[in-house]
Amino acid sequence: MSESVYIQLKNVLSKVRENLPDLEGVLVAGRDGLLMAAEMTEGVDSEQLAAMAATLLATSENALARTGRGKLRKVMASGENGDLIVVGAGEAVIAALTGRNPVRGLFFLVLETAATQVESIVKSWTEKMAGGEQAGLKPPSPPVV
């Protein structure tokens with residue numbers, strides 16, 4: 001992933017954080033579970049959460065497809081200390097951790113808006129990389145997070 005893509009993703013995550021006061025952390029990962037960018041609270045393993053969020057999304061999509069429920073919009077796991085909300089963003093996944101009393105409607109709205117932005121950023125980057133790989137170029141290394 002190029003540094004400019006990383007910066008664009010971090011900007012989206014910063015806007016999410018600004019708009020959600022009860023947000024404890026948010027990340028973007030690829031559908032393969034590899035972390036792309038994160039703004040996570042201390043004590044949370046972003047790479048591990050990225051992998052679990054991608055798995056949760058894929059499993060939920062499969063369950064909906066097999067039961068005729070339609071296209072997945074979001075997955076939410078609610079716990080005693082807050083929620084985990086996972087939203088698909090094209091070839092990426094957004095995962096957010098909430099506090100104990102989130103305004104869920106606001107979370108859903110902000111995360112769905114962010115998902116549209118992330119999908120566009122990732123799609124643009126993958127199209128550029130596909131063209132570069134065809135020309136014999138290797139994609140740049142991801143920046144250290």
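The single condition among (1) touching a helix residue (DSSP H, G or I) at 6+ places or on another chain (Cβ under 7 Å); (2) assigned to a strand (DSSP E or B) that ALA77 does not satisfy is (1). With respect to the conditions (1) crowded, with 19+ Cβ neighbours inside 10 Å; (2) modelled with pLDDT of 95 or more; (3) of a type in the set (Phe, Trp, Tyr), TRP125 lacks only one, and its number is (2). Name the residue that is surrounded by the fewest Cβ atoms within 10 Å (Cβ to Cβ), counting only residues in segment 87-107 that are β-branched (Val, Ile, Thr) and under 17 Å from ARG17 (Cβ atoms). Looking at the filtered set, the residue picked out is VAL103. Number of residues in segment 34-49 that are free of Cβ contacts under 8 Å to residues at least 24 places away in the same chain and in a loop (DSSP other than H, G, I, E, B): the value is 4.
Inspection of segment 16-27 identifies no residue that is over 18 Å from PHE108 (Cα atoms), out of contact with any His (no Cβ under 7 Å at 6 or more places or on another chain) and outside any loop (DSSP other than H, G, I, E, B).
Is it the case that some residue within segment 98-105 is among the basic types (Lys, Arg) and not in a loop (DSSP other than H, G, I, E, B)? Within segment 98-105 (the criterion being among the basic types (Lys, Arg) and not in a loop (DSSP other than H, G, I, E, B)), the answer is yes, since at least one residue qualifies. Applying the set (1) at negative phi; (2) surrounded by fewer than 17 Cβ atoms within 10 Å (Cβ to Cβ) to LEU20 leaves exactly one unmet item: (2). Checking each residue of segment 53-66 against the condition of being loosely packed, with under 12 Cβ neighbours inside 10 Å, polar (S, T, N, Q), over 11 Å from the mean Cα position of the chain (by Cα) and more than 26 Å from GLU127 (Cβ to Cβ) gives at least one match. If the condition is being in contact with a helix residue (DSSP H, G or I) (Cβ under 9 Å, 6 or more places away or on another chain), at pLDDT 95 or above and not polar (S, T, N, Q), then segment 2-19 contributes LEU9, VAL12, LEU13, LYS15, VAL16.
The values are calculated or read from the model by the stated rules, or taken from the named source; none is laboratory data. Given the structure is predicted, the values throughout are model-derived calculations rather than measurements. Note: ideal-geometry Cβ built from the backbone for every residue, glycine included; neighbour counts use all protein chains shown.
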